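Since every read-out is calculated from the coordinates, none of them should be taken as a lab result. Since this is a predicted model, take the numbers as computed values, not measurements. Cβ sites come from the backbone with ideal geometry, for glycine too, and all protein chains shown count toward neighbours.
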Amino acid sequence: MYYAAFKQHCSLFPGSSALMTAFEDELKSFKTSKGTIQFPLDKPLPTALIKKIVQARMSQNARKNRRSFIR
């Protein structure tokens with residue numbers, strides 16, 4: 001998970017195309033690409049949505065780590 005600030009927007013990079021698909025409906029009002037979500041600077045950040053995305057990514061990482069540990 002990464003983020004960056006630009007002149008016109010802030011970007012969130014979840015690092016997972018599966019998350020982009022999973023949150024597709026909730027992201028309809030934002031500009032997105034394959035791995036980026038852009039939030040305009042003239043509107044408040046959707047903190048509840050960002051928290052949900054971060055928690056989903058953390059769950060993905062935890063599942064991946066459990067599988068690696070079991071091997």
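As a calculated quantity, the FRET efficiency between Ser17 and Lys43 at R0 = 25 Å, using C-beta atoms, amounts to about 0.50. Put a plus charge on the Cβ of each Lys and Arg, a minus charge on the Cβ of each Asp and Glu, and nothing anywhere else: the dipole of region 2-70 about its Cα centre is then about 300 debye. Karplus-derived 3J(HN,Hα) values for region 16-31, using 6.51 cos²θ - 1.76 cosθ + 1.60 with θ = phi - 60°, are 8, 5, 5, 5, 4, 6, 4, 9, 3, 5, 6, 9, 4, 8, 10, 6 Hz; glycine and proline are entered as x. In this simple spin-label model, placing a label point 7 Å from the Cα along the Cα-to-Cβ direction at both Lys51 and Glu26 gives a separation of 1.1 nm. Projecting the Cα positions of Leu19, Asn65, Ala4 onto the charge dipole of the chain (unit charges on Cβ atoms of Lys, Arg, Asp and Glu, taken about the Cα centre) puts Asn65 furthest along the positive direction.
The modelled label-to-label distance between Lys34 and Ser59, using points 7 Å beyond Cα along the C-beta direction, is 2.6 nm.
Among [x] 50, 24, 16; [y] 28, 23, 20; [z] 47, 23, 21, only one was calculated for this model; which label is it, if the read-out is Cα extents along the principal axes in Å? Computed from the coordinates, Cα extents along the principal axes in Å corresponds to [z].
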